[in-house]
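Notes to accompany the following structure.
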Amino acid sequence: MTHPDELSAYMIFSRSDWAALRASTSLTLSEADLTALRGLNGPITSAEVSDVYLPLTRLLNLHFSAARNLMQVKAEFLGRPRAVRPTSWRWPAASASARAPLPACCVRS
C-alpha cells in the first residue's frame, strides 16, 4: 500500500495487500451462486470474490457500523430517544411476486 499524500482521500493498494484486508471474512457463495452472478455481470471467479469483493464488503460493513454507532452516540448526547428499528425488512406482499429471486448468499433465514 502506498500513501502518495496522507491528506488524500485515495490510497493505492496492490491486489495482494487489498486481499489481505479481508481478514477472516468467510466466503459464503457457492459455485451455483457464482454461476448466477456470472450471468449478470460477466466473468467472475471465486479468487476474484475472495481477493476483491470480500475486503470491499468488510470495509463497507465497518463503515456502516461506525455510522450507526455515531448516530446512537449523537442521539444519546442530544437526549433524544433512540428510534426502534425493525430487525429485518420484508418485501410488501404486492411486489413479492414481481421481484427476482435472490441468490442463496443474500437470503436471511
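The values are calculated or read from the model by the stated rules, or taken from the named source; none is laboratory data. Predicted model only: the values in this text are computed from it and were never measured. Every residue, glycine among them, receives a Cβ derived from its backbone with ideal geometry; neighbour counts consider all protein chains shown.
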Where a residue in segment 53-78 is free of Cβ contacts under 8 Å to residues at least 40 places away in the same chain and under 28 Å from Leu37 (Cβ atoms) and its partner, wherever it lies, is surrounded by 10 or more Cβ atoms within 10 Å (Cβ to Cβ) and of a type in the set (Val, Ile, Thr), with Cβ under 9 Å and at least six apart: Tyr53/Ile44; Leu54/Thr25; Pro55/Thr25; Thr57/Thr25; Arg58/Thr25; Asn61/Thr25
Qualifying position, being touching a residue at least 12 places away in the same chain (Cβ under 8 Å), small (Gly, Ala, Ser) and in contact with an Asp or Glu (Cβ under 8 Å, 6 or more places away or on another chain), among Ala19, Ala36, Ala32: Ala19
Failed criterion for Ala23 (all others in (1) outside any helix (DSSP H, G or I); (2) over 19 Å from the mean Cα position of the chain (by Cα) hold): (2)
Any hit, segment 76-94, residues being among the small types (Gly, Ala, Ser), surrounded by 10 or more Cβ atoms within 10 Å (Cβ to Cβ) and either assigned to a helix (DSSP H, G or I) or at pLDDT 90 or above (or both): no
Candidate set: segment 1-50, residues that are loosely packed, with under 10 Cβ neighbours inside 10 Å and of a type in the set (Ser, Thr, Tyr); chosen: the one modelled with the lowest pLDDT: Thr2
